[in-house]
Amino acid sequence: VIRREADKHDVRVYLVGGMVRDLILGLENNDLDFMVEGNIKYYLRALSRTFEENYTYNDKFKTGRIRLNSGYNLDFAVARSEVYTSPGALPEVETGEIVEDLFRRDFTVNALAIGVDSQNWGTLIDFFGGIHDIEHKKLRVLHRFSFLDDPTRIIRGLRLALRLGFSFQDKTNLLMKEALKFGNFKRISKPRIIKEFSLLFSKKMDRRITGLLKQFPIFHLLDLDPRVDESKFSIIKRAECILDYFRQKNYNIKEWLIRMVVLLDGVEEKKLANWGLNRGEREILTFPSVIDTIIDKLRTNSTPLKLKKLLEGFTLEQILLLLIYTEGKERKQVYKYINYLSKVDLKINGHDLIELGLKPGPVIKEVLDKVWEAKVDNGLKTRE
Ligand code: CTP
């Protein structure tokens, strides 16, 4: 369909970016990015009609998207050309706009394209040695200002290195370190940085993470300078075990926040002001500042009701952090809460009691607590 409509509308269309890289590597990817030379608007409209799917189109940026029922996301953009800060870095433009568009990208492995209209069908476009770099498992930047122009690419680099098992080409390695040391990050939007961190930390971490973070102190982009050494890995390992367990049970967890907390030992509230997070997310990141107090209370709160009252206001992520940071008896208490107490609910509520003739007031809460306790007692006995 993509090819047929391209031919009909006389546009050149290329598959570009991460999907081409993953196709070559045999990795799964549902996000297809297409670069269009020609009238993107008509092309999109025609595609949407043929696919019988809606499309979105942004006239200012000349980008559009179609989500297919099959789960694939199709993104379209016109080839972009810009005035570069490094004139002469390109040869005379031989192949139209596509060279310039690809040159604007982050790593050579992401600067590959495959023609998908009949004129270029199946042609692999590799101006910058991306295939060579894929073969040698290297991440290489396209030009030396890349990380200064856009430091979020350093975080992307770490994500790619971990996902693909690639390492950085020597010069790229140096440019990343230089950018982290001398770059001025004041003007980059913090939410953009956070977005990249959330992608980086959304996947299970392995031993390589501490080494990478030591080499590339990306938390500097958030004005943070945590100590990251090998000992951090034991706590990460513990967090990963707990996340594995709850993921299997289909809990919906913001895993990236948990990994951030563990690696940073939490963040001070005042640092979070312009990160673009909601209150719940901020409370997860600052949770370590109250964890010791809660652990103390876990030690002393002996009845199920007290335990429930202590923990019921916390989010799932905070509860999981408690599991990560506790041991022995306290940890058992948290498990008891997650696996049992948090699931005990009453079939009656305050309204039912009022209907039965009780006067509204604190007594309602007391009765409900008593019923809850009785139910828990019963349940615990049956469980035993
Ligand atoms: N890109 C870039 N600089 C950024 C973000 C993106 O140069 N800060 C380029 C990359 O070359 C990338 C393309 O834009 O291939 C599309 O971005 P995105 O969809 O975020 O990445 P993909 O590589 O397609 O996918 P993934 O995130 O899985 O790597």
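With (1) open to solvent by less than 30 Å² (accessible area, probe 1.4 Å); (2) among the acidic types (Asp, Glu); (3) farther than 28 Å from VAL290 by Cβ as the list, and GLU355 as the residue in question, which single condition is left unmet?
Here GLU355 meets the rest and fails (1).
Within the group ARG247, ARG238, ARG259, which residue is in contact with a Phe, Trp or Tyr (Cβ under 6 Å, 6 or more places away or on another chain) and closer than 22 Å to ILE209 by Cβ? I'd like the intermediate steps shown before the answer.
Values: ARG247 fails: in contact with a Phe, Trp or Tyr (Cβ under 6 Å, 6 or more places away or on another chain); ARG238 fails: in contact with a Phe, Trp or Tyr (Cβ under 6 Å, 6 or more places away or on another chain).
Within the list ARG247, ARG238, ARG259, the selection yields ARG259.
Take GLY379 and tell me if it is of a type in the set (Gly, Ala, Ser), open to solvent by less than 60 Å² (accessible area, probe 1.4 Å) and in contact with a helix residue (DSSP H, G or I) (Cβ under 8 Å, 6 or more places away or on another chain).
Details: of a type in the set (Gly, Ala, Ser): yes; open to solvent by less than 60 Å² (accessible area, probe 1.4 Å): yes; in contact with a helix residue (DSSP H, G or I) (Cβ under 8 Å, 6 or more places away or on another chain): no.
When the stated conditions are applied, GLY379 does not pass them.
Going by the structure shown, is PHE219 surrounded by 12 or more Cβ atoms within 10 Å (Cβ to Cβ), within 27 Å of ASN278 (Cβ to Cβ), touching a Leu at 6+ places or on another chain (Cβ under 8 Å) and at pLDDT 95 or above? Break it down stepwise before answering.
Numbers: surrounded by 12 or more Cβ atoms within 10 Å (Cβ to Cβ): yes; within 27 Å of ASN278 (Cβ to Cβ): yes; touching a Leu at 6+ places or on another chain (Cβ under 8 Å): yes; at pLDDT 95 or above: yes.
Yes, satisfied.
Among the residues of region 148-183 satisfying the criterion of being among the acidic types (Asp, Glu) and in a helix (DSSP H, G or I), which is farthest from the ligand (Cβ to nearest atom)? I'd like the intermediate steps shown before the answer.
So in region 148-183, the residues among the acidic types (Asp, Glu) come out as 149-150, 170, 178.
With in a helix (DSSP H, G or I) added as a condition, the list becomes 149, 170, 178.
Details: ASP149: 9, ASP170: 21, GLU178: 18 Å.
If we take residues in region 148-183 being among the acidic types (Asp, Glu) and in a helix (DSSP H, G or I), then ASP170 is farthest from the ligand (Cβ to nearest atom).
For the subset of region 311-325 comprising residues that are part of a helix (DSSP H, G or I) and open to solvent by 30 Å² or more (accessible area, probe 1.4 Å), which member is farthest from SER234 (Cα to Cα)?
Step one: list which residues in region 311-325 are part of a helix (DSSP H, G or I), which gives 311, 316-325.
Then keep just the ones that are open to solvent by 30 Å² or more (accessible area, probe 1.4 Å); that gives 316, 325.
Values: LEU316: 22, TYR325: 12 Å.
That would be LEU316.
For a quick check of your reading of the model, give me the residue pairs whose first member lies in region 108-119 and is open to solvent by less than 20 Å² (accessible area, probe 1.4 Å), whose second is of a type in the set (Asp, Glu) and not in a helix (DSSP H, G or I), with beta-carbon atoms closer than 7 Å and at least 6 apart or on different chains.
Short answer, once both residue conditions are applied: LEU112/ASP126.
Testing SER48 on (1) surrounded by 15 or more Cβ atoms within 10 Å (Cβ to Cβ); (2) over 19 Å from THR123 (Cα atoms); (3) within 16 Å of the ligand (Cβ to nearest atom), one condition comes back false. Which one is that?
All conditions pass for SER48, except number (3).
Being part of a loop (DSSP other than H, G, I, E, B) and under 22 Å from ALA161 (Cβ atoms) is true for just one of ILE194, ILE253, ILE188. Which residue is that? Give the derivation first.
On the way: ILE194 fails: part of a loop (DSSP other than H, G, I, E, B); ILE253 fails: under 22 Å from ALA161 (Cβ atoms).
From the options ILE194, ILE253, ILE188, the qualifying one is ILE188.
Could you give me the residue pairs with C-beta distances under 6 Å whose first residue belongs to region 268-291 and is on the phi < 0 side of the Ramachandran plot, whose second residue is open to solvent by 80 Å² or more (accessible area, probe 1.4 Å) and assigned to a helix (DSSP H, G or I) wherever it lies, and which are 6+ apart or on separate chains?
So the pair list comes out as THR286/GLU269.
Write out, first by first residue and then by second, each pair whose Cβ atoms fall under 7 Å of each other, whose residues are 6+ apart or on separate chains, and whose first residue, in region 145-165, is small (Gly, Ala, Ser) while the second is assigned to a loop (DSSP other than H, G, I, E, B) and more than 7 Å from the ligand (Cβ to nearest atom).
Qualifying pairs under 7 Å: GLY165/LYS137.
Given the structure, is GLY328 surrounded by fewer than 16 Cβ atoms within 10 Å (Cβ to Cβ), on the phi > 0 side of the Ramachandran plot and over 40 Å from the mean Cα position of the chain (by Cα)? It would help to see each step written out before you state the result.
Working: surrounded by fewer than 16 Cβ atoms within 10 Å (Cβ to Cβ): yes; on the phi > 0 side of the Ramachandran plot: yes; over 40 Å from the mean Cα position of the chain (by Cα): no.
No.
The values are calculated or read from the model by the stated rules, or taken from the named source; none is laboratory data. These figures come from a predicted structure and were not determined experimentally. All Cβ positions, glycine included, derive from the backbone under ideal geometry; neighbour counts span all protein chains shown. Calculation scope for accessible area: heavy atoms of the full protein, side chains included, ligands and nucleic acids excluded. Shrake-Rupley method; radii C 1.70, N 1.55, O 1.52, S 1.80 Å.
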